[in-house]
Structure formats: structure tokens, C-alpha cells
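Peer 1: The structure is given below, and queries will be raised subsequently.
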Amino acid sequence: MILFMMKKLIQLLTLLVAVSLLTFLLISLSPIDPVRAYIGADMLLISPDQREMIEAYWGLDQSVIIQYFHWITSLLTGDFGTSLIHRVPVLEVVSDRFLSSFILIALAWIASGLFGVVLGSLAAMKKGSWLDNLIKGYCYVLLSTPGFWLGLLLLMVFSVWLGIFPTGLSAPIGVTVTEITFTDRVYHAVLPAATLSIIGVANVCLHTREKLVDILNTPYILQARANGYTGYKLFFRHGLRNMLLPAISVHFASFGELFGGAILAEQVFSYPGLGEAIVDAGLNGDVPLFLAIVLISACFVFVGNWIADTLYYVLDPRLRKGGTRS
Amino acid sequence: MKRKWIIPLVIFIFIYITSFLLDRNMIEINLQIKNQAPSLLHLFGTDWLGRDMLIRTLKGLQLSITIGILTAMLSTFLGLLLSLVSSVNKTLDKIVTSFIDLFLSLPHLVTLILITFVLGGGLKGVVIGLMLTHWPAITRVLRAEILQLKEMPYVQLSKQLGKPLWWRARHHLFPHLAPQLLVGFILIFPHAILHEAAITFLGFGLSAEEPAIGIILSESMQYLSAGMWWLAFFPGLSLLMMIIIFQRFANTLKDYFGRDRSYEQQVND
Amino acid sequence: MNSKLMIKQLSVFHQQTNRILIDSVNLSVDEGEVVALVGASGSGKSLIAQAVLQLLPDNLRQTGILNYQSRPITKKDRGQNIVLIPQSIDALDPLMKVKKQIQSLLPAPHSEQKVFDLLGRLGLEEEVASRYPFQLSGGQARRILVAIALGSAAKVVIADEPTPGLDVDSKTDMLSLLKEVKASGKSILLITHDFDVAVDLADRIAVIKDGKIIENTLKENFVGKGERLFHPYTKALWQALPKNLFIRSL
């Protein structure tokens, strides 16, 4: 188990180095001018000499590889640089927004997981019925739905027409960031989270359904039926037990998609999370902030996959006790 | 069974072709009819410049389809190329698989933002970005397929007879890979369209002058609070319909090329 | 006659193609009796087990009369009055401990001791109860499947191909387990392709071929060259047994 953890940790580190290197190289090849991005409209007021000084100050006159090493070493000391648009350390921008995004994604993850497993189980238990067809159809439509468009619809219905939820910002206007209560954050996260989970249900639901349909065709289910178990008794005794682990595992592995969805949802609802920050950073050439969020998203995906793998080791007796997964 | 996908496909091709007949100039500014709700004259309503939303939507769909076809073709080709490269030897295979892992380690949309950000957006940025984000899945499928084929006795025999790699690829691999390529292409297509719309919506994609669905939807956000729901509703719905048609088409094709499921459920005696 | 299980005019056919898989089968099992249903693979013998328990796959339909103690079999009889000893040891839920799989199927009260007693009766240690199926040997798993049938209140046991491809030792083992079930007074419908298993265990043997019963006779009739047998196919089966091979050469 410890060996497994160590292996995963090394994997994560290699991955982060690879992602950071690739991203860094790509960005250094791009036409984005960090000086221009920093100075903004005052660019005309700056003399070429001053410009050179700024470049030297940032180390922009050195080769890309050296710049990369500078960046990496400062990352290791916990210095992510200063955000060009927010004019504060990147870590500060990120840590505040991380919590917002985390709440949003956690809400969406739980809701879509819950509904997905329930709907998927219903569909599988009633395979071939109108209910199954309805649930399957619903999932297929959702898979084709642009998430941000769904967000726009929810925004129109709940915020504009019904006025139940705010149209933007994760804090009420006139309240400083420090005064935001947890409830405020959650309240503002409801609509974006709803958008994310309505879309996210499809994936879990279809997976659950497929898995459970497979399980219902196994010899042990036939035997359980022969022993008199049917309907919900059968489901709770044998179905749920065998289906839950794969379903949760798949759901953890969908962290990446959720993060992508969160970017769009945050944009639609002007919800100040990491997604909105990366879009802002990208549009305004804020490279330090951009890089930081790219790395965070990589960690995020990794953690999701890692949990998905580890769950089997912890929960499946066949792997836990040193057997093999059949 | 056939009718299930032929009819939507015909409708879809019809819309695509008619959208070519619509001139760009038909999206003209006419302030006298601005902000009109949907009516018989303007089925999808008009925007704040009096442009007909139906024509804008059709033009947007046309652009989406074109980009979708282009990027799906490019990524399928890239996937084929990389899977062939990985089949040459162990080292190359290792390199290709680690690239796949690398690309899958970031959320799709983040990679897309990264690439369009680096390339500075626009049509070129979007197409390259979509190409570079959609190849891993198909490369994986093709790679696995090739690995299996390579072990086949008749392929091994060709190798021992000294046939060059290209010859083996052309005669042994392509006939098997062709259906996979077609299915892969059609599966990527709706994804690419959705991602194009998303990235354009975020502002990294096509420029604001293009009649893209993503642009229409991001513009509509400013007018939603004024109650102009049709600006967002119909264009998005049209996009959704088009993608559903293609998903269905892709699934039907996948089943057709896949094993016939009815044979799997054999009755045990 | 006091038939525990009676099958009358049972037919099974494909819903779409109407192809007949089981054709008007009649069979009955009396109290304490072991009836063997012998057939090659593809003869449709396992469908009869599924039909009796009304567990046929969705695409099959069944007609005919199925009685338990002279009344129609219902789904409530499953596990209560009729139990199935399945063909494969995959019939144990891979994520459930042995104890739980057995316990709730035994008649109340569901005490732990009962499970241990049952395991002991079949030569298994108490410790086996706290294992998962993947930790069992094939022999242990088969014992547990028999244990469930033995311990249940059911009076009728359907053993569906209990010796699929087993080696000689395992087969002998299984036979002694089934004899234990027989000794407990339960009626057994033994479905098998193994003619010697049938001859060893059964009181009466029915032979099924292409969905039809072609022979249904007492075991006593399996003597000599098989002169007392009705159907040439049955005779051939009987003469093909290793111990009878010399007869043919006479």
C-alpha cells in the first residue's frame, strides 16, 4: 500500500514537471508580450530602455530553459509570482478562488453522483421499460447539450424571470470578501452547480446503468433470483454492493470534465472561481496566474484518477486481500 | 432501422447546403426591426441591431459544421499517424503513450484554452487547438487495434518475408482500421463542435465578427437581463439538435461496425 | 401419487422466431426421489430448470403446467420450497461474505451457530464463513452452494449440471455431497450430461434429446446390454459407459 502511494506520488511529480515544461515552452513560443500585458494602456509611455530594464528584472532576456528553471525553483519555495491583472501574489488570487471553485465542484459532484446512481439503477432494474427509455433519452440529450447554454437558460429562468438567485458574483454587493459567510458562497454556487450537475448526471447514470445491467446478467444474480430475491430486495442485497464501487470510481475519474464544465459555468454566472480566473488570465495575458491554474487543474485531474484507483484497493476485498479483480 | 438515421441526416445536409446559399450580407443591420421577439417574419427573432437570428444561427451552424469536419478529419489523421508511429518499436510506443497520458492529464477545456491562448485565437487557433485535444482517444483505440493485428500470424509472416512497414500498413492494417477511422471521425465531430462553441463563447476562439454560435451566445448574455431570451434559446437549441443528430448517427454506425449484440446473448442450454 | 414436483406438457420457445426449444415435456419427482434428466449439451435440459423456477431469459416463453405438491408453482416458492444448486461457482456474490450468503437463506432463527453446524456437516471449518468467495477453493465453493440447498427449508432441490467438467476426485466429492442431500429426505431433480453420475445417484432416469424426453425409466432397467431400454439413443448411452464397454465387444 505504501509502495502504491509512493509510486503514485512519483507519477504525480513527473506529470507536473512534464505539464509545466510543456505549458511553459508553449507560452514562451506564443506572441504574448508579458511586458505589454503588465503595463497595459501605458505601454506608449515607456521608453525602450525602461522596457529592457523590466525585461531584465523579470529575467526575460535569458533563455527559455533558464527562465523555466527560475520559475520552477521559485514554485518550490512557494512563490508563484505576481498576477499581472490582480497585482497581488498569484497564491493569494488562487487560494481565495480555489475555495469558491471547490464548493461549486463539490456540490455538483455530489448532486450528479447521487442522481446519476439513482437514475441509472432505476433504468437498469427496469431495463426495456418506458422509464428506462426516458432516462436513457434524457442522458443522451444531456450529452449533446452545450453546458454553457444550459447555464444561460437557468440564468434566464431563475435569475431574470423568477429572481430567486443572484445573476452573478459569489458575494452580495457591498460586502467585503472577508465578510462572506459560507452560506453566501453556497447560495451563489447553487445555479452554477445545478448547471454542472444536470449535465454531469448523464455520464454517471449511463455508466451505472450499463454496469448494473451487466451485473444483472451474472450467475450470482440468477442464483439470487432462484433463492427468491426480486425487485428492490435483490437490488439492495446484490446489485448495489457490486455496482457502487465502479460507479463511484468512474465519477471520481470525471473530475477533469467537471473542471472544464466549471470554467464555462463560472463564466456564465460570473462566479469568481478558478475557471473565471483562468479565462481572465488567458484573455489578458496574465501568464503567472494562467500557469498556476493549469498546474492546479492537472493536480485536480490526477487526484480524481488517483482516488478512483485507490478506492478499489481500499474497498474491494478482492484487491484489498491481495487477490485479483475478476 | 436505416430510417432512424437517414432522415435526420438528410435534414442536416439540407440545412448545411442551404446555409451556403444564404449570403453573409443577408445578416444586415436594420435598426428599425431591432429587439423583436420571434414572429412569423423572424422565426428566431431579431437582435439589438435588427439582424435576423434565424439567418445568423444558420450561418453559425454552417461555420460549426465546417470546423467540425475539418478538425475531426485532422485529429483522426493525427491519431492514425501517431498510432502507426507507436507501432514501429517500443521506444516510439512509449513516447506516444506518454504524450497521450500528458494530454489526458489536463481537463480538455484547459488544454484547449492553453493552445488557443498560445496561438492567439482565431480560426487557425481553434482548428489547431481542437485537433490537438481530440487525438488521444482515437489514437488509443487505433493503437490497441494495431497491437492486436501485429500479432496476427499473417502479419508476422509478411514481416518475416521482408515486406516493408508501409506495405504491411497498407495491406494488413488499413482494411481493418478503416471502420475504426470512420467511427472515430464521426464520434469526434460533435465533440469538436461543442468545444468550438465553448471556446468561442469564452472569448478564445473565433473573432467577434464571425457568425459563430459561441459568439451569438456570449453576446446574448448582455441582453438576457432585458428579457431577450430568444437570443440565446434558439441558437443553442439548434446547436443541440444538430449534435443529437450526429450522436445518434455515430452510435448507429458504431453498433453497425461493432459486434452484433444479439449474438452475444446466446441461450445457454 | 404424491408428486413433490410435477412438470406437465412444458414447452419453451423463442418469442420472436417461435423456434421450439423444449417440446411438451412431462416429468415428475416424488417425495425423497432422485430423478436424473440426462442430455447432451444443447438438448435444452438447463432450460427446464430455469422454466420450473420461472427464470427463463426475456426472449423465451414457456407454456404448460408446473406443480409443487399439486398446486401451481409461484415465484414465492423460489428458495422457500424449491432451491437450485447452480452449475457454476460464480453463483456466489463476489463481494459478500460466505456467512451472509448462507445465513439469510436458512429458516429462522438466523443464528450464526446454524451456519457453522451446516458447514461442519459438509466438512468445512467455521473460519470459512468469514471469507469472500475469491478466497475459497473450487471444492469449498461447491460445498457452500450445496450447503445452502441442504440447509434451506425447501423440499425440492434442482441440481443444474452440478459436475461441469470436474476431475474424477471433485466429481466423487460432489456425488457424496448430493447423496447427503438425498439422505436428508429432499427430492432432487438432477440435470446432467454425465450419464454415470445419473446412474450412480438417481432412482429414475429421463433422457432428453432435442428438447424431447425420449426415455423415462427406472434405474433398475439399466442392466445388461440395455435390452430393457426403449430408445436406441439411451441404449447407446448406456453401452458407452466405461464399465459397460466390454459388453459391446461380446
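Peer 1: Apply 1/(1 + (r/R0)^6) to the Cβ-Cβ distance of C:Glu180 and C:Ser70, taking R0 = 41 Å, and write down the FRET efficiency to the nearest 0.05. Working shown, then result.
Peer 2: Details: r = 28 Å, r/R0 = 0.68.
After rounding to 0.05, the efficiency reads 0.90.
Peer 1: Please identify the longest segment of chain B free of exposed GluC sites (Glu not before Pro), where exposed means a DSSP state other than H, G, I, E or B and no more than 11 other Cβ atoms within 10 Å. Could the numbers behind the result be given before it?
Peer 2: Values: sites that count: B:Glu151, B:Glu209.
By the stated rule (loop sites, at most 11 other Cβ atoms within 10 Å), B:1-150.
Peer 1: Filter the cross-link list A:Lys127/C:Lys75; A:Lys233/C:Lys76; A:Lys233/C:Lys100 down to pairs whose alpha-carbon distance in this structure exceeds 18 Å. Present the calculation step by step, with values, prior to reporting the outcome.
Peer 2: Values: A:Lys127/C:Lys75 20 Å; A:Lys233/C:Lys76 14 Å; A:Lys233/C:Lys100 14 Å.
Among A:Lys127/C:Lys75; A:Lys233/C:Lys76; A:Lys233/C:Lys100, the Cα-Cα distance tops 18 Å for A:Lys127/C:Lys75.
Peer 1: Determine the calculated [θ] at 222 nm for chain C from helices alone, applying -39500 (n - 2.57) to every DSSP H run no shorter than 4 residues and normalising by the residue count; nearest 500 deg cm²/dmol.
Peer 2: Working: 8 runs with 75 residues, N = 250.
So the calculated ellipticity at 222 nm is -8500 deg cm²/dmol.
Peer 1: For A:His70, tell me the accessible area in Å² from a 1.4 Å probe, rounded to the nearest 10.
Peer 2: About 100 Å², rounded to the nearest 10.
Peer 1: Sequence gap at least 6, Cα distance under 8 Å: using those rules, report the relative contact order of chain B to the nearest whole percent. Intermediate results must be reported in sequence, preceding the final value.
Peer 2: Details: 305 pairs, mean separation 62.6, N = 269.
The normalised contact order for chain B reaches 23 percent.
Peer 1: Please list C:Lys4, C:Lys100, C:Lys243, C:Lys171 in order of solvent-accessible area, largest first, computed with a 1.4 Å probe with all protein chains present. Provide the component values of the computation, followed by the final result.
Peer 2: Numbers: C:Lys4 10, C:Lys100 100, C:Lys243 125, C:Lys171 40 Å².
Output order, biggest surface exposure first: C:Lys243, C:Lys100, C:Lys171, C:Lys4.
Peer 1: Excluding ligands and nucleic acids, what accessible area in Å² is computed for A:Asp132 using a 1.4 Å probe, to the nearest 10?
Peer 2: Approximately 0 Å² of A:Asp132 is accessible to the 1.4 Å probe.
Peer 1: Taking a probe of 1.4 angstrom, what is the accessible area of B:Lys254 in Å², to the nearest 10?
Peer 2: Here the residue's solvent-accessible area equals roughly 90 Å².
Peer 1: Per-residue HN-Hα couplings for the range A:78-84, Karplus 6.51 cos²θ - 1.76 cosθ + 1.60 at θ = phi - 60°, whole Hz, x for Gly and Pro?
Peer 2: x, 9, 8, x, 10, 5, 6
Peer 1: If you keep only loop residues by DSSP, which GluC sites (Glu not before Pro) in the range C:162-242 have at most 16 other Cβ atoms within 10 Å of their Cβ? It would help to have the intermediate numbers written out before the result.
Peer 2: On the way: sites: C:Glu180, C:Glu215, C:Glu220, C:Glu227; in loops: C:Glu227.
Qualifying residues, ordered by number: C:Glu227.
Peer 1: Ok, one more. Just reorder A:Cys139, A:Cys299 by solvent-accessible area, largest first, 1.4 Å probe, all chains present.
Peer 2: Values: A:Cys139 0, A:Cys299 45 Å².
Of A:Cys139, A:Cys299, the descending order of accessible area is A:Cys299, A:Cys139.
Peer 1: List for the range A:1-28: residues with 10 Å² or greater reduction in accessible area, all protein chains versus chain alone, probe 1.4 Å?
Peer 2: A:Leu15, A:Ala18, A:Val19, A:Leu22, A:Thr23, A:Leu26, A:Ile27
Peer 1: Can I ask one more? Tell me the relative contact order for chain C as a rounded percent, counting alpha carbon contacts under 8 Å between residues six or more apart. Present the calculation step by step, with values, prior to reporting the outcome.
Peer 2: Numbers: 464 pairs, mean separation 63.8, N = 250.
Rounded, it is 26 percent for chain C.
Peer 1: Now, a different point. At a 1.4 Å probe, what is the % contribution of carbon and sulfur to the accessible area of chain B?
Peer 2: On the way: 8860 of 13660 Å².
In chain B, the share of accessible area belonging to carbon and sulfur is 65 percent.
Peer 1: Give the cross-link partners of A:Lys7 among the lysines, using a straight C-alpha distance below 24 Å as the criterion and excluding same-chain residues fewer than 8 apart.
Peer 2: Counting by Cα, and skipping residues close in sequence, A:Lys7 has these lysines nearby: A:Lys321, B:Lys90, B:Lys94.
Peer 1: Which value does Rg/Rh take for the protein assembly as shown over its C-alpha atoms, Rh per Kirkwood? Don't skip to the answer; put the middle values down first.
Peer 2: Values: Rg = 34.1 Å, Rh = 31.9 Å.
Using Cα coordinates only, the ratio equals 1.07.
Peer 1: What does the structure give for A:311-320 when I average, per residue, the other chain Cβ atoms found within 10 Å of the residue Cβ?
Peer 2: Numbers: counts 0, 0, 0, 0, 1, 4, 9, 6, 1, 1.
Across A:311-320, the average partner-chain Cβ count within 10 Å equals 2.
Peer 1: Oh, and also: So what is the accessible area of the protein assembly as shown per residue, in Å², with the probe set to 1.4 Å?
Peer 2: Details: 40390 Å² over 845 residues.
Per residue, the protein assembly as shown has 48 Å² of solvent-accessible surface.
Peer 1: How high is the FRET efficiency between B:Phe14 and B:Tyr256 when r is their beta carbon distance and R₀ equals 25 Å, given to the nearest 0.05? Mind dumping the intermediate values first?
Peer 2: Details: r = 23 Å, r/R0 = 0.93.
The value I calculate is 0.60.
Peer 1: Averaged over every viewing direction, what's the projected area of the C-alpha convex hull for the range B:57-268? Give it in nm², one decimal, please.
Peer 2: Working: hull surface 62.8 nm².
If you wrap the Cα atoms of the range B:57-268 in a convex hull and average its projections, you get 15.7 nm².
Peer 1: So if R0 is 35 Å, what FRET efficiency would C:Asp167 and C:Glu127 give, r being the distance between their Cβ atoms, rounded to the nearest 0.05? Display every interim value, and only then the final one.
Peer 2: On the way: r = 26 Å, r/R0 = 0.73.
The value I calculate is 0.85.
Peer 1: Right, next: Checking the cross-link filter: which lysines have an alpha carbon closer than 22 Å to that of C:Lys209, excluding same-chain neighbours under 8 positions apart?
Peer 2: C:Lys8, C:Lys45, C:Lys219, C:Lys225, C:Lys235
Peer 1: Roughly how many nanometres apart are two label points built 7 Å out from the Cα toward the Cβ at B:Ala208 and A:Ser95?
Peer 2: In this crude spin-label approximation the distance works out to 3.7 nm.
Peer 1: For A:Arg241, C:Arg61, A:Arg209, give me the order by solvent-accessible area with a 1.4 Å probe, most accessible first, ignoring ligands, DNA and RNA. If you can, show how the numbers build up before the last one.
Peer 2: Values: A:Arg241 75, C:Arg61 105, A:Arg209 35 Å².
From most accessible down to least: C:Arg61, A:Arg241, A:Arg209.
Peer 1: Also, quick follow-up: When the chain is fully extended, how far beyond the present Cα-Cα distance does C:His110 get from C:His14, taking 0.36 nm per residue of separation?
Peer 2: Values: separation 96, 0.36 × 96 = 34.56 nm, distance 4.11 nm.
Working it through step by step, the gained length comes to 30.5 nm.
The values are calculated or read from the model by the stated rules, or taken from the named source; none is laboratory data. Quick caveat, the model's predicted, so the values are computed rather than measured. Don't worry about glycine lacking a Cβ; one is built from the backbone with ideal geometry, like all the others, and counts go over all protein chains shown. SASA here: full protein model, heavy atoms, side chains in, ligands and nucleic acids out. Shrake-Rupley method; radii C 1.70, N 1.55, O 1.52, S 1.80 Å.
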